[in-house]
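Here the structure comes first, spelled out in structure tokens, and everything after it is commentary.
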Amino acid sequence: CPKCQAIAAKEWLADRQAELLPVPYFHVVFTLPAPIAEIAYHNKAVVYDLLLKIAAETLITIAADPKHLGARIGLTAVLHTWGSPLTHHPHAHIIVPGGGLSPDGQHWIACRPRFFLSVGVLSRLFRRLFLERLTAAYQIGRLEFFGDQAALAKPARFKAYVAALRKVEWVVYAKRPFGGPDAVLAYLSRYTHRVAIANSRLVAFDGERVTFKWKDYRAKADARDKLMTLDADEFIRRFLIHVLPDGFHRIRHYGLFANGNRANNIALARRLLGAPDPARWSADADRADGGHEPEEWNICPCCGGRMVIVETFGPGCQPRLWPIPAITFDSS
């Protein structure tokens, strides 16, 4: 339900904020070109997995190059598959610290102020690696083609299709967030635990057509907010495009932030930066300080509603207020 999604997103945001390093953070976006998005339409698990893995590999590879940064970096990537009007628009949002550990792990290497890595270099490596891995997936039979894409099942057609994509620019965006890393994390958290559209964007439904709010980013800032009305079946079709395959992880951590050794790497980075470990909430510590717990301690993890204490009893004791059985009447 929306309340459960909001609670999960808030918990994810709190965990990520606890791991933030005292350095500038950059927001990087890798976008698949439309011809690749068309292949992804029927091959979501393969293509989306390639998008996240190769975007991360591209950043880690270029950052490790001494000609660019010469450091081991960490990053968090979140998959988005939609544009504001619910169109199919696969891209990966990535938040990455502006620097990393030296190869020997003895000091922190910071990037230049307000500049992380060249987007031109990132774009070209991303394009080459992606097309190589996509071709490899095709050759072992992991891709399927239907409808307008059916002709790509023929190797010669697929080869020509890929060759054309090597001649176009692939969009990679990198910018230091004006609001700092917290602003980017807050932005990402709005999309990590829900799909495509929030209830707040729904305006009207007359039984046959759905009206919702969307942003036209090609228009000027004061004219971006617009309304779109679609037949109900078209609205549902667009929404279902963005349902991910079972078991697919849309949030992933790479490099220094990979789950296997993330805590140790973050601790090392903090030590090299001379930053104290963030204070974490402790139930025992809070009770020792005054018996107070976080204000959300009584929020139901399922529906988000407030839980009310009915009775408190110690270990081995029986509660006095047993649930009252429901009373039913036979009206037959």
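The values are calculated or read from the model by the stated rules, or taken from the named source; none is laboratory data. In this text the structure is predicted, and so the values were computed from the model without any measurement. Quick note on the areas: whole protein, heavy atoms, side chains included, nothing else; ligands and nucleic acids left out. Shrake-Rupley method; radii C 1.70, N 1.55, O 1.52, S 1.80 Å.
The figures follow:
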read-out	value
Segment 198-241, accessible area per residue, ligands and nucleic acids excluded (1.4 Å, Å²)	75
For segment 112-193: span of alpha carbons on each principal axis (Å, largest first)	49, 32, 21
Segment 198-241: mean projected area of Cα convex hull, nm²	3.6
Accessible surface of segment 198-241, 1.4 Å probe, proportion on carbon and sulfur as whole %	54
Rounded if a/c under 1.5, otherwise prolate or oblate - segment 38-131, Cα gyration tensor axes	prolate
